Amino acid sequence: MGRKPSYTWHDGFAMPMGFPVEAFASALDYEPDADDVFIATYPKCGTTWTQYIVYLLTHRGQPLAASELLGDAIPHLEEVGRQTVERLSRPRTIKTHFPYALVPKHADARYLVVARNPFDCVVSFYHHTRGFPKHYDFADGTFDVFFECFIAGNVDFGDYFEHTASWLEQTASANVQLLTYEAIWAEPRAAIVAIAEFIGAEAAEDPRLVDAVLEHSSLSRMRVDQQRWSSRRPEDMPAFVRKGGVGDWVNYLSPLQCRRMLERSSAVTGTTRLETLWPDVYANACAYAGVEKSAEETK
């Protein structure tokens, strides 16, 4: 099949090489405070975009300085560990790729969940994995090889479908808010206001602050400021903020691969039915894969 990405494995969980096992283990023991805000995503589902929106909302629309890294202000819990996060001043904003079962919980902490359709996610995740040779040793890896790893759940942070379903099952909770990458892309202003209201930022009632956040968090602006999102990516690799948008998957997935994604989605997510989040994407995927939906499925 070709050479697969390499990972560090800990208790059956894949992590990028270079992520300290001790930090990952300590992250499980982090005890949240009531005013913590977690940005909870599967990788390549709008994590950095959402992080920066939250950063701007909590910093009066002022962008990061050229010398600053977003990961220092909003750290990745599993990468840096419990003690680093505990040293942050409160209120803290914390990034996590943990599924719901593993994420540290507090009844009053807020969990901002962002989900992206699986077809675009696998493409973005492939380019991400190629782009960090030190983490994955996969710079010359092929999409077909990565696809097999992804659909089997053998990638860092586990199975996309199980991970996403675990969070969707919690969205009835008052301290969990779900947004989709596609909704942020389609209506960024509305998404910024919704995020502000959820985290209690004053931008919810300040249109000028919303304008500033909208400007600085645009993907065109973020592409210019690549060094703020990752200082470890080689210049000849795909950009960290690569393309964005919805629908690039048709340039990568074969009809058979698309059909297998649909089958996996149906088998794993059960009553969560991911297609209700992305009806147009799933309809296009069914058409592309030559899959006819039953009358019951189209209701």
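The values are calculated or read from the model by the stated rules, or taken from the named source; none is laboratory data. Nothing here was measured: the structure is a model prediction, and the numbers come from that model. Glycine gets a Cβ as well: all are built from the backbone with ideal geometry, and neighbour counts include every protein chain shown.
Structure values in brief
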{"item": "Test for Asp159: is it at pLDDT 95 or above, in contact with a Gly (Cβ under 6 Å, 6 or more places away or on another chain), more than 24 Å from His216 (Cβ to Cβ) and not aliphatic (A, V, I, L, M)", "result": "yes"}
{"item": "Selected residue (only one of Ile184, Ile195 is in a helix (DSSP H, G or I), within 27 Å of Phe132 (Cβ to Cβ) and modelled with pLDDT of 70 or more)", "result": "Ile184"}
{"item": "Unique residue being in a helix (DSSP H, G or I), farther than 30 Å from Arg208 by Cα and among the aliphatic types (A, V, I, L, M) when the list is Val54, Val85", "result": "Val85"}
{"item": "Any hit, segment 231-252, residues being modelled with pLDDT of 90 or more and polar (S, T, N, Q)", "result": "yes"}
{"item": "Candidate set from segment 148-172 (those that are in contact (Cβ under 8 Å) with a residue 60 or more places away in the chain and of a type in the set (Ser, Thr, Tyr)); member that is surrounded by the fewest Cβ atoms within 10 Å (Cβ to Cβ)", "result": "Ser166"}
{"item": "Neighbours by Cβ (under 7 Å, 6+ apart or cross-chain): first from segment 198-216, free of Cβ contacts under 8 Å to residues at least 40 places away in the same chain; second assigned to a helix (DSSP H, G or I) and among the acidic types (Asp, Glu)", "result": "Ala204/Glu197"}
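Residue-wise test of (1) at pLDDT below 95; (2) under 26 Å from Gly245 (Cβ atoms).
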{"position": "Gln83", "(1), (2)": "no, no"}
{"position": "Ile94", "(1), (2)": "no, no"}
{"position": "Tyr100", "(1), (2)": "no, no"}
{"position": "Ala107", "(1), (2)": "no, no"}
{"position": "Ala115", "(1), (2)": "no, yes"}
{"position": "Phe132", "(1), (2)": "yes, yes"}
{"position": "Ala139", "(1), (2)": "yes, yes"}
